[in-house]
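Notes for the one structure printed next.
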Amino acid sequence: MGQRGHVKPPVRAVYRALHRHFGPQRWWPARTRFEMMVGAILTQNTAWTNVERAIAELRRRRVLTPRALHDVPPATLAGWIRPAGTPTVKARRLRAFTTWVMEAHGGSLARALRAPAAELRRALLSIHGIGPETADCMVLYAARRPVFVVDAYTRRFLHRHGWLAGAPSYDDVAALFTRALPADAALYNEYHALIVALGKSYCRATPRCGECPLGRWGRVEEGTRARHE
DNA sequence: GACCAGGCACATC
DNA sequence: GATGTGCATGGT
């Protein structure tokens, strides 16, 4: 909740502005659905450039399949994904994820992703190390179902423009978008990717509002910091 | 050298 | 239920 007294975001107009400015993003940047899901775990609280190095190493080691990755001892895996940060934590999380694919779905990711979206989301959330954002990224970008992903960038730009008051729940923030948009996975895909493009370029921890494509809706307050959002 | 990055689990109150 | 903290690397 916490939504009383704040202005709702112009969801469709913001999308048009971002799409006009940045163009199509064609996410997720991965070669396979399994690689996408591995990347979703690796990018937790981590810059994507560091994730790319870890993914490249996994590809070089030829372990970007559920079975191959599952066969790598966690300590070895941690060494390979070092550049992505918190390697012991993420090695454990990757292991929990591949264990689910192996044991609940016989190693078939395609089978795992066939479940209804809500059921898939629940299953993913039950895996150690997969929270709401990671689960929704997987459901949207790997299973291609229309769930809206809420991440730090989403909350930041909403807050900066006065479209988010208090500390609304994850589901409340997602509802701001899903209520205003058709349930279209391709649209949600593009929208989230555009929000990240915005976050990486203008709406950063140290904002650069000069040429921000959302400038017509006002500027970020000077000195606004991420931890206050 | 401080701050940040496409979170999450866990402890504590 | 809300809040604080550890995880850890590489870029700015």
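Close amide-amide hydrogen proximity is noted between A:Gly129 and no other residue 5 or more places distant or on a separate chain, at a cut-off under 5 Å (H modeled in the peptide plane; Pro and chain starts excluded). The Rg/Rh ratio of the stretch A:1-102, with both radii computed over alpha carbons and Rh defined as the Kirkwood radius, is 1.14.
Can you tell me how the stretch A:88-149 classifies by the Cα gyration tensor, rounded, prolate or oblate, using a/c under 1.5 as the rounded cut? Intermediate values should be presented prior to the final figure.
Working: a/c = 2.06, a/b = 1.20, b/c = 1.71.
Taking the square roots of the gyration eigenvalues as a ≥ b ≥ c, the stretch A:88-149 is oblate.
Within chain A, what's the longest stretch lacking trypsin sites (Lys or Arg not before Pro) that sit in DSSP loops with no more than 10 other Cβ atoms inside 10 Å?
Details: sites that count: A:Arg4, A:Arg26, A:Arg31, A:Arg62, A:Arg179, A:Arg225.
In chain A, the maximal stretch lacking such sites is A:63-178.
Normalised by the number of residues in chain A, the average gap of Cα pairs under 8 Å and 6 or more apart makes the relative contact order 27 percent. Length gained on full extension, A:Ala175 to A:Arg20, computed as 0.36 nm times the residue gap minus the Cα-Cα distance: 53.4 nm. With K and R counted +1 and D and E -1, the other residues having a Cβ less than 14 Å from that of A:Ser126 yield a net charge of +1.
Charged neighbours of A:Ala186, selected by a Cβ distance under 12 Å, balance to +1 (K, R count +1; D, E count -1).
Answer rounded, prolate or oblate for the stretch A:139-213, using the Cα gyration tensor with square roots of eigenvalues a ≥ b ≥ c: rounded when a/c is under 1.5, else prolate when a/b is larger than b/c, else oblate. Oblate, because a/c is 1.5 or more while a/b does not exceed b/c. Relative to the longest principal axis of the Cα atoms of chain A, helix A:87-105 runs at roughly 70 degrees.
Computed from Cα positions, the angle between helix A:185-201 and the longest principal axis of chain A comes to roughly 70 degrees. Length gained on full extension, A:Glu57 to A:Ala186: 43.5 nm, using 0.36 nm per residue less the C-alpha separation.
FYI, it's all coordinate maths here, none of it is from the lab. Note that this is a predicted model, so its numbers are computed, not measured. With ideal geometry, Cβ positions are generated from the backbone for all residues, glycine too; neighbour counts draw on all protein chains shown.
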